[in-house]
1. Do we have any residue at all in the range 54-71 that's over 30 Å from Q143 (Cβ atoms) and more than 33 Å from the chain's Cα centre (by Cα)?
2. Among the residues of the range 117-131, which ones are more than 17 Å from I186 (Cβ to Cβ) and among the hydroxyl-bearing types (S, T, Y)?
3. How many residues are touching a Leu at 6+ places or on another chain (Cβ under 7 Å) and open to solvent by less than 40 Å² (accessible area, probe 1.4 Å) when one looks only at the range 104-117?
4. What's the total number of residues in the range 133-164 that are assigned to a helix (DSSP H, G or I) and of a type in the set (A, V, I, L, M, F, W, C)?
5. Which number in (1) open to solvent by 60 Å² or more (accessible area, probe 1.4 Å); (2) touching a residue at least 40 places away in the same chain (Cβ under 8 Å); (3) in a strand (DSSP E or B) marks the one condition that V130 misses?
6. On the basis of being open to solvent by 100 Å² or more (accessible area, probe 1.4 Å) and modelled with pLDDT under 90, does I100 make the cut?
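The values are calculated or read from the model by the stated rules, or taken from the named source; none is laboratory data. This one's a predicted model, so the numbers in the text were calculated from it and none came from an experiment. Cβ placement follows ideal geometry from the backbone for every residue including glycine, while neighbour counts extend to all protein chains displayed. Please note that ligands, DNA and RNA were not included when accessible areas were found on the heavy atoms of the full protein model with its side chains. Shrake-Rupley method; radii C 1.70, N 1.55, O 1.52, S 1.80 Å.
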Amino acid sequence: MKKLFELLAGIDFQKTLIISGALALAYYLGPFDNGSAVEAQIMQMNGQLQVEEGKRKETDASLKEVHEMQEKIGRLSSQYQEISRRLPSVLGSIDINKAIDDFGRSSGVSIKTKRPGEIEKKEIYDEVPVSVNMEGSFAELAQFVFLVSSAERMSRVRDIVIESDYADGKVRGKLKFDGIVIGYKISPEKPKVEKKL
């Protein structure tokens, strides 16, 4: 080791400068890294970061849609519960006929005929129609329609036709009323079909 230090101490400044330059050139041409590899890695990482940022935005949008759908489902569920609480699950034309008779007595109309119609199935409820023919004054008929539309099980009268005997500018006798009283009930739940694998 002492000989190495003596050899290095014996080298003059010019030789030291040349040897230093040669070593620097060899290092520069060989293992020297000017940062291009690091810049390439940074560029690659920035690209991956942008891709991941795009995925994050898509995920955020999907989560927002899921949250909105959950809120809508919650609102629809509460509305369905309210409807199912108000509407019966069993309602036949006999029940509607009884209610029509009660409303007829309360309003003073004279009910002539009642005919049950075909049940119309909707998505979550069924409509049970009954055709009604009756007579009464305008006030009595209006009271009947009011009583039907304010009832929970029946809330609609449709296809109304009112006729009168009209002579000499005056209505003679009672008005004749034809219409359909609609009752509502919750549709029975459809059985769930299990998928076989």
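1. no
2. S131, the sole residue that qualifies.
3. The qualifying residues number 2.
4. 9
5. All conditions are met except number (1).
6. In short, no.
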